[in-house]
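This report refers to the structure that appears directly beneath it.
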Amino acid sequence: MSDISPDKFAKAAEAIYEIFEKVVENHDEILDAIDKLLILERKGVFDEIVKLSEFKVPFSPDEIGEIAERFEMLIKVLLSVDERVLKVIKRLIDAFEESMVYEQMGMMEAMRALRDPDVQKAIGFALTLAKNFGKRI
């Protein structure tokens, strides 16, 4: 410890104090982030990221510029998406996951299913989406 000047020691102590303040202030979010990181680690996601980082594909400067432009456009689109749209997309993904186990359905079963209010709501949404999308293409 004799190699550390009192000024450096004071700065280090101040930095540690600031870190502890942030930890206390953001305790729940930090624990949630750690849980998510652990899930990603257990699933091998980080190993795959490392493998991808080692993957070298020769791109020309023009191709890199085009990739950067498209990535920027994608980020702008993602940032501009309304929260309600994101919730609908999340619900759609959940519905897909739940629908992966299904039974074959004949014409009569399909006609009966059309009486289900949830099916009617989904059909209404799909038709409204199709109409609005058709206006834009």
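Say whether the condition of being surrounded by 10 or more Cβ atoms within 10 Å (Cβ to Cβ), part of a helix (DSSP H, G or I), at pLDDT 90 or above and of a type in the set (Gly, Ala, Ser) is met by at least one residue in the range 101-117.
Within the range 101-117, one or more residues are surrounded by 10 or more Cβ atoms within 10 Å (Cβ to Cβ), part of a helix (DSSP H, G or I), at pLDDT 90 or above and of a type in the set (Gly, Ala, Ser).
Looking at PHE46 and the list (1) in a helix (DSSP H, G or I); (2) more than 30 Å from VAL23 (Cβ to Cβ), which single condition is not satisfied?
Just one mismatch for PHE46, condition (2).
Could you give me the residue pairs with C-beta distances under 8 Å whose first residue belongs to the range 1-27 and is without any contact (Cβ under 8 Å) to a residue 60 or more places away in the chain, whose second residue is surrounded by 10 or more Cβ atoms within 10 Å (Cβ to Cβ) and small (Gly, Ala, Ser) wherever it lies, and which are 6+ apart or on separate chains?
Pairs that qualify, where the first residue is without any contact (Cβ under 8 Å) to a residue 60 or more places away in the chain and the partner is surrounded by 10 or more Cβ atoms within 10 Å (Cβ to Cβ) and small (Gly, Ala, Ser), are ILE4/ALA12.
The values are calculated or read from the model by the stated rules, or taken from the named source; none is laboratory data. Every value quoted in this text rests on a predicted model; they were computed, and no experiment measured them. Ideal geometry is used to build each Cβ from the backbone, glycine not excepted, and the neighbour counts take in all protein chains shown.
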